[in-house]
1. Where the centroid of each part is defined by its Cα atoms, how far is the stretch 44-114 from the stretch 195-239 in Å?
2. Would you work out the relative contact order for the chain, in percent, from Cα pairs under 8 angstrom that are 6 or more residues apart?
3. Please report the antiparallel percentage of DSSP beta bridges with both residues in the chain, rounded to the nearest 5.
4. Quick query: amide H of Gly192 versus all other amide H atoms, modeled in the peptide plane; which residues come in under 5 Å with a sequence gap of 5 or more or a different chain?
5. Please work out the FRET efficiency for the pair Ala176 and Thr119, using the Cβ-Cβ distance as r and a Förster radius of 30 Å; give the result to the nearest 0.05.
6. Treating only the Cβ atoms of Lys and Arg (+1) and Asp and Glu (-1) as charged, compute the dipole magnitude of the stretch 134-212 about its Cα centre; round to the nearest 20 debye.
7. 222 nm [θ] for the chain, helices only, -39500 (n - 2.57) per DSSP H run of 4+, per residue, to 500?
8. Among Glu56, Glu214, Glu196, which one shows the highest mean-square fluctuation when the chain is modelled as a Gaussian network with alpha-carbon springs under 10 Å?
Amino acid sequence: LYYQPRVAAATGRITGVEALLRWEHPEWGLVEPARFIPALEETGLIVQVGAWVLAEACRQTMAWENAGLAPLHVSVNLSSRQFRSDTLASAVSSSLQASGLPAARLEVELTESLLMDNTDQAMEVMGRLKAIGVAISIDDFGTGYSSLGYLKRFPIDSLKVDRSFVRDLSTSRKDAAIIEAICALAKSLGIGLVAEGVEEQYQAEFLRARYCTELQGYLFGRPVPPEELGRLLQRAAPP
């Protein structure tokens, strides 16, 4: 697992991390998830791997805290097969129990398409997750079905603005208008808003001025191994 920091938009302080799966291949080097996740999905191994990701992300987050660093929340992406697995709730519960991480500090990220494939099943699974106490975020918001109906139907805690809208903020009036609309929507609903792919100071300032609650991107840190992220947290800690 690699970890990318998320910062509070208002203060710039690191408040959480996203856990990102990587594959260190002996010949190909570091392999991005897009190249191997489909194989894990097809074989069904994604359920086992996903359970390990949950357990390790929770363990590592508490390990940083036990080392004297500030408490963080951690977000983990769920695949479609993992989301529909009968073992998801037990995997989440056991990961929290084994690590000691409070449930409220674990966030699971779901895609729009995953929710809309079978809304009744999605509602049931999300209900079980909320009963445990974890937060639920919609990843890549604006690029999938974008059916606003699910925002009132599902127990969603935050939206994650896709990087494709953030990338051209300084040059595209349309992207700027879309983000302003998403920010207004999230504020009206009283849910959090996270922007990913923030690479320029202008983007951060634009988002900070429009309700965005958290920022994530190369401007604040790339995905790195846990040891490197720990050093970053130490340097960023207040004196």
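1. If we compute the Cα centre of each part, the gap is 21 Å.
2. Values: 398 pairs, mean separation 52.3, N = 239.
Value for the chain: 22 percent.
3. Details: 12 of 34 bridges.
Roughly 35 percent of the beta bridges in the chain run antiparallel, per DSSP.
4. The answer is Ser158, Leu159.
5. Numbers: r = 32 Å, r/R0 = 1.05.
Computed FRET efficiency for Ala176 and Thr119 comes out at 0.45.
6. About 340 debye.
7. Details: 11 runs with 115 residues, N = 239.
Using -39500 (n - 2.57) per qualifying helix, the result is -14500 deg cm²/dmol.
8. So, out of Glu56, Glu214, Glu196, the one fluctuating most is Glu56.
Laboratory data are not the source of any read-out in this text; all were calculated from the coordinates shown. Computed from a prediction, not measured in an experiment: that's the story for all the values here. Note that we place each Cβ from the backbone using ideal geometry, even for glycine, and neighbour counts take in every protein chain shown.
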